[in-house]
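K.L.:
Next up is a structure, given as structure tokens.
The values are calculated or read from the model by the stated rules, or taken from the named source; none is laboratory data. Note that the coordinates shown come from a computational prediction; the quantities given were computed from them, not determined experimentally. Cβ placement follows ideal geometry from the backbone for every residue including glycine, while neighbour counts extend to all protein chains displayed. For accessibility, only protein heavy atoms count, side chains too; no ligands or nucleic acids. Shrake-Rupley method; radii C 1.70, N 1.55, O 1.52, S 1.80 Å.
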Amino acid sequence: MDALSNRLAAFLRLMRSSALLITDGDRANMDVLLTMLGALDKDIVESYFGLRNQAPQSVEQLAAKHHISVEQMQHIIDTDLRRIAISPEWQMMWRKLPELVKKRAEAMHL
């Protein structure tokens with residue numbers, strides 16, 4: 001993954017792990033961004049990061065669930081993250097996040 005995708009992935013991990021840092025508005029905005037992927041891809045990303053009050057699923061679990069190879073599933077996840085990460089909507093959302101949230105998110109992918 002590139003730096004932009006890594007930043008988004010780190011934020012999604014933070015969304016799952018820290019309910020206090022992420023506002024309901026930020027959660028709603030992320031839901032809208034993920035909706036841009038389409039229903040199936042949104043479900044994959046939410047399942048991978050555990051965003052619906054569920055445990056995150058591994059690439060292997062998701063690949064088995066969707067009857068595709070692990071490599072194909074990893075490609076889908078990477079492509080979906082990249083599509084959101086380069087969107088102007090995500091870039092604007094990231095810029096408006098408090099510095100504490102940005103620092104915590106960046107620490108999630110180190």
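K.L.:
Of the heavy-atom accessible surface of the chain (probe 1.4 angstrom), what whole percent is carbon and sulfur?
P.N.:
Carbon-and-sulfur percentage of accessible area, whole number: 56.
K.L.:
Taking only protein heavy atoms into account and a 1.4 Å probe, give the accessible area per residue of the chain in Å².
P.N.:
Per residue, the chain has 56 Å² of solvent-accessible surface.
K.L.:
For region 18-110, what is the relative contact order in percent, using Cα pairs closer than 8 Å and at least 6 residues apart in sequence? Write down the numbers at each step before the final one.
P.N.:
On the way: 49 pairs, mean separation 22.6, N = 93.
After rounding, I find 24 percent.
K.L.:
Once both labels are modelled 7 Å past Cα along the beta-carbon direction, what's the Glu106-Arg82 spacing in nm?
P.N.:
For the pair Glu106/Arg82, the computed spacing is 2.4 nm.
K.L.:
Want the number for Arg27 to Gln72: 0.36 nm per residue separation, take away the alpha-carbon distance, what's left?
P.N.:
Numbers: separation 45, 0.36 × 45 = 16.20 nm, distance 2.77 nm.
Using 0.36 nm per residue and subtracting the Cα-Cα distance, I get 13.4 nm.
K.L.:
Continuing with the same structure: Tell me what the chain gives for mean residue ellipticity at 222 nm when only DSSP H runs of n ≥ 4 count, each as -39,500 (n - 2.57), the sum divided by the residue total, rounded to 500 deg cm²/dmol.
P.N.:
It comes out at -22500 deg cm²/dmol, rounded to the nearest 500.
K.L.:
Just to be sure I understand: if I project the alpha-carbon convex hull of the chain onto a plane and average over all orientations, what area do I get in nm²?
P.N.:
Values: hull surface 25.7 nm².
For the Cα atoms of the chain, the hull's average projected area reads 6.4 nm².
K.L.:
Which FRET efficiency value, to the nearest 0.05, do you get for Gln91 and Lys65 by plugging their Cβ-Cβ distance into 1/(1 + (r/R0)^6) with R0 = 35 Å?
P.N.:
0.65
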